[in-house]
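Just so it is clear, none of the values below were taken in a lab; they were calculated from the coordinates. None of these values were measured; they are calculated from a predicted model. So basically every Cβ, Gly included, is an ideal-geometry build from the backbone, and we count neighbours across all protein chains shown.
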């Protein structure tokens, strides 16, 4: 029965395991994150994700739907801390919001586990309109809008986006393109320089 | 003779034209820029460039060498204004360098002719290590180093890179991922907000 369900697979988890529900869903999601990270959106296929997860493609479709939906689910997991972060970033005095946002941002980028996924999101968003739309929907609509609401000034949305652009630009040059000395600079040194800039974008008059 | 040299091409320039030296070289370069812009580094082939230019692949190799070298040549043309810009950016008082750099940056990004090529450079650098190396060599080594020398302070290179990261981040969110309201904001409004930030990165104590 196991072999009938997955005749070409060897050394994979048993059928019982592959259909274990939440565990399988998580494994597909993890495989999706890895595939998107390594290959980018364009080169990743549902079949490749299924293969990496040791399941049938139909199961990927069953749990997530289309490739775009798998991508969105994978991105959601990646940016989940970011989407939960606004609470931590929003709370506390307004004159410390730039530092809290900057600390949070480098926290997730300096962590190798989340960095891989963030790189995948960034790379995919740069190259693919579908992935860019997911980025806009998740990052902008959910994270930046909440920060804009918190600062509550004219041009709040533009301010939040300019603050984000400073952080995204550093991620680009430090983690993606890896220019020196920025790529090897002590992260605390970067935060010291950048937090006031982010704060300025958000609240300077 | 024309048909023998390019039997499958119709409505293409004649053989005389295709081998006209500088004009041909420029046409290949233009085709390379368009191919890299549309497809990115990974998906662009020398054959595709040759086809778009209406020449034989051998001619592309003859003028430029490998795909990486065609790419570098195409990028050099794109960033040529940037590589010549430091003179304009460097000249004048140091307390206006941030504004000059910011004006220069948005000048080339707001111009549709150069924007397409810049998008190609950015997209390619994000996805391909070879393209990233070209980016580092041209943009960082030539442009940022000169700005760092001009400001001549401790951490000058890191400062120049943080200033660049602010600009690159806006390019990412405004022109690549196109988040709103940043994507539609008046460029002069953006420059007013960003020039002081760039200046601060470069010279603030």
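Would you please classify the overall shape of the stretch A:153-205 from the alpha carbon gyration tensor, given that a ≥ b ≥ c denote the square roots of the eigenvalues, rounded means a/c under 1.5, and beyond that prolate means a/b larger than b/c while oblate covers the rest? Oblate, because a/c is 1.5 or more while a/b does not exceed b/c. For the residues of B:136-142, the average number of beta carbons from a partner chain within 10 Å of their own beta carbon is 2. Comparing B:30, B:99, B:188 in a Gaussian network model of chain B, where Cα atoms under 10 Å apart are tied by springs, the biggest mean-square fluctuation is seen for B:188. Helix A:187-203 and the long axis of chain A differ in direction by around 70°, with both axes built from C-alpha atoms.
Counting Cβ atoms of other protein chains within 10 Å of each residue's Cβ and taking the mean over peptide B:118-131 gives 3.
Across peptide A:184-196, the mean count of Cβ atoms from other chains lying within 10 Å of each residue's own Cβ comes to 2. Remark: the residue B:110-residue B:43 segment gains 21.5 nm on full extension, using 0.36 nm per residue and subtracting the alpha carbon distance.
Per-peptide packing, taken as the mean over residues of other Cβ atoms within 10 Å, places B:70-76, A:102-108 in the sequence B:70-76, A:102-108 from highest down. Could you work out which residue, out of A:80, A:171, A:160, moves most in a Gaussian network model of chain A, that is, has the largest mean-square fluctuation with Cα springs under 10 Å? Taking springs between Cα atoms under 10 Å, the residue moving most is A:80. The angle separating the long axis of helix A:97-110 from the principal Cα axis of greatest extent in chain A is about 30 degrees.
From most to least packed by mean Cβ count within 10 Å, the peptides B:143-154, A:54-65 give A:54-65, B:143-154.
Name the residues of the stretch A:107-124 whose amide N is less than 16 Å from a point 7 angstrom out from the Cα of residue A:88 along the C-beta direction? So the set is A:107-115.
What do you get for the angle between helix B:156-171 and the principal long axis of chain B? Use alpha-carbon atoms, 0 to 90 degrees, nearest ten. Around 60 degrees separate the two axes.
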